[in-house]
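Structure first, then comments.
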Amino acid sequence: MNMKITFKNSLKEAKKDTLFISVGPKNKDEIIKENGVKTLFLKCEEKMTLRKLFLLVRKMVAMAKGIKAEKMAFDFSDFKFKSMKLGDVELGELIGSQLDFANYEFVEYKTSTEEGFNFVKEIIISGVNKEIEKAILKGHTIAEEVNKTRTLANMPGGDMTPQILAQKAKEAVKNLPVKVTVLGEKEMEKQKMRAILSVGHGSDEESKFIIMEYYGAGKKETRGEQSRTKPIVLVGKGVTFDTGGINLKPSNSLLGMNMDMSGGAAVIHTLALVAKMKLKKNVIGLIPSVENMASGKSYRPGDVIRSMSGKTIEVLNTDAEGRIILADALTYSQKYKPEVVVDIATLTGAALVALGERASAIFTDDEDLSKVIEKAGEETGDYVWRLPMWEEYENEIKGSLGDWTNDHNKSLRYGGSIYAAIFLYQFIKGHKWVHIDMAPRMTAMQGENLAGGALGTPVRLLYRFIEEY
Ligand code: BES
Ligand code: ZN
Ligand code: ZN
């Protein structure tokens, strides 16, 4: 639930039932009650950093929730640290977004008690000017879309099909200037999107290709002719449940695979956010959506698929389905003559092996683009780390029946995320492109002061990237 933010001149204006926050270098965090007024003394490090600040703001909310406080109040200046070179506006946006981010819990399927769910309902902030207020409210709007991304991703697999995801995309941009077009299987046949169709074949649910178009940049004029500014295209993996297909996943790997559409969810709500904030940019979202099921109609190991690009894909493992559907989506993206393409996918378990759960893996052949994405990640808390994608890796995915295999030669056990990336590269070479393998950041980890389940990554990063690009 998103909280109400109220700005006051002084904290004295807050009522007694409010939890007051005081930040300072203490030995520990503690809540002290004096004359009926509760104050949370939040411990902070002497040398504050941006990374620690994200955690601190979230800890304040987590602790308030811990004692079921519904109202809290703090002074903005408490979060201004001398050791940091952070402007007021940046700090405001950070606080605004982290408050709501930390307040979130997925309760859609829980029965409420009489007292209701345990959310902070109101925050009173003093010590701000109009500019800071605006920044805080902007952060609040960003978090709203991040939290909606989490709710979409957290939906159980039985209640999230390609059809429902397409419906959710339309709902997300209702009353906003974003056009949503949904291709069904017949239309995809016409477009020769055999890669997406093959992966979705085993499911009773119809596969969908969701297209979202936002044209916020004015038209450009060259030699008297009007043309659109080249768009930023976001491509999100929308596997609504990944059983692995005929290469069925082992039992303990199946749980959580309802979230295999997290990349798609992030794209949907980034578009909603960009439109809400009226950014003067052209942004396109493409979401290939399928359910990867094991049935008599499933695609098989050994199948060779002719993708939309004309290149063929030799299926070595039906569980490496994400890269197959993304191949067609990346091909489709070229229709827009994009300025840059960013794909976001819960693509490989190997990314977790490489990085743990603390950063998404990114891949690109463009140094500058890599730097921009890394910076946006660091500034927003959607951390990323670049892995190599050298052309030598292509040797291990050359097919014997088809052009490219969807898994690397099994005499080599390692580097799974890189092979997935180098596979995608075959369908977008020559274009400015970055691939974000967000499998490591699909769910929150302990100690992040966040509810378990989906994280809504990398909506904040994408928004910052689009804003500044
Ligand atoms: N959706 C999974 C990757 C995944 C795993 C995401 C864990 C989030 C958490 C993907 O489709 C997959 O199954 N990848 C395989 C590829 C392999 C068969 C080459 C993997 O990572 O094991
Ligand atoms: Zn899979
Ligand atoms: Zn998958």
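The values are calculated or read from the model by the stated rules, or taken from the named source; none is laboratory data. All values derive from a computational prediction rather than experimental measurement. All Cβ positions, glycine included, derive from the backbone under ideal geometry; neighbour counts span all protein chains shown. Quick note on the areas: whole protein, heavy atoms, side chains included, nothing else; ligands and nucleic acids left out. Shrake-Rupley method; radii C 1.70, N 1.55, O 1.52, S 1.80 Å.
Output the qualifying pairs, or none if there are none: Cβ atoms under 6 angstrom, residues six or more apart or on different chains, first residue in segment 390-407 and open to solvent by 50 Å² or more (accessible area, probe 1.4 Å), second residue part of a strand (DSSP E or B).
Close Cβ pairs satisfying both conditions: LEU401/VAL304; LEU401/GLU314; ASP403/THR312.
Looking only at residues that are open to solvent by 10 Å² or more (accessible area, probe 1.4 Å) and near ligand 3 (Cβ under 10 Å from one of its atoms) in segment 315-345, which one is nearest to ARG386 (Cα to Cα)?
Result: ARG323.
Could you please find all residues in segment 52-65 being in contact (Cβ under 8 Å) with a residue 60 or more places away in the chain and either open to solvent by 50 Å² or more (accessible area, probe 1.4 Å) or assigned by TED's automatic domain parsing to the domain that holds THR380 (or both)? Talk me through it step by step, then tell me what you get.
Pass one, segment 52-65, residues in contact (Cβ under 8 Å) with a residue 60 or more places away in the chain: 54-55, 58-59, 61-62.
Matches in segment 52-65: LEU55 only.
Determine which member of the set LYS38, LYS16, LYS68, LYS85 is of a type outside the set (A, V, I, L, M, F, W, C), under 28 Å from the mean Cα position of the chain (by Cα) and either assigned to a strand (DSSP E or B) or surrounded by fewer than 22 Cβ atoms within 10 Å (Cβ to Cβ) (or both). Give the derivation first.
Values: LYS38 fails: under 28 Å from the mean Cα position of the chain (by Cα); LYS16 fails: under 28 Å from the mean Cα position of the chain (by Cα); LYS68 fails: under 28 Å from the mean Cα position of the chain (by Cα).
Answer to the selection: LYS85.
Quick one: how many residues across segment 71-81 are in contact with a helix residue (DSSP H, G or I) (Cβ under 8 Å, 6 or more places away or on another chain) and surrounded by 17 or more Cβ atoms within 10 Å (Cβ to Cβ)? Steps first, please.
The first filter runs over segment 71-81 and keeps only residues in contact with a helix residue (DSSP H, G or I) (Cβ under 8 Å, 6 or more places away or on another chain), leaving 72-76, 79-81.
Checking which are surrounded by 17 or more Cβ atoms within 10 Å (Cβ to Cβ) leaves us with 72-76, 79, 81.
Qualifying residue count, segment 71-81: 7.
How many of the residues in segment 284-312 are open to solvent by 50 Å² or more (accessible area, probe 1.4 Å), in a strand (DSSP E or B) and hydrophobic (A, V, I, L, M, F, W, C)?
Residues that pass the stated criteria total 1.
Give me the pairs: first residue in segment 249-275 and within 12 Å of ligand 2 (Cβ to nearest atom), second residue at pLDDT below 95, beta-carbon distance under 6 Å, and six or more apart or on different chains, which are they?
Matching pairs, first to second residue: none at all.
Is it the case that some residue within segment 335-353 is away from ligand 2 (no atom under 16 Å from the Cβ), within 20 Å of LEU462 (Cα to Cα) and in contact with a Pro (Cβ under 6 Å, 6 or more places away or on another chain)?
Checking segment 335-353: at least one residue is away from ligand 2 (no atom under 16 Å from the Cβ), within 20 Å of LEU462 (Cα to Cα) and in contact with a Pro (Cβ under 6 Å, 6 or more places away or on another chain).
Hey, among GLY116, GLY92, GLY87, which residue is at positive phi and out of contact with any strand residue (DSSP E or B) (no Cβ under 7 Å at 6 or more places or on another chain)?
GLY116
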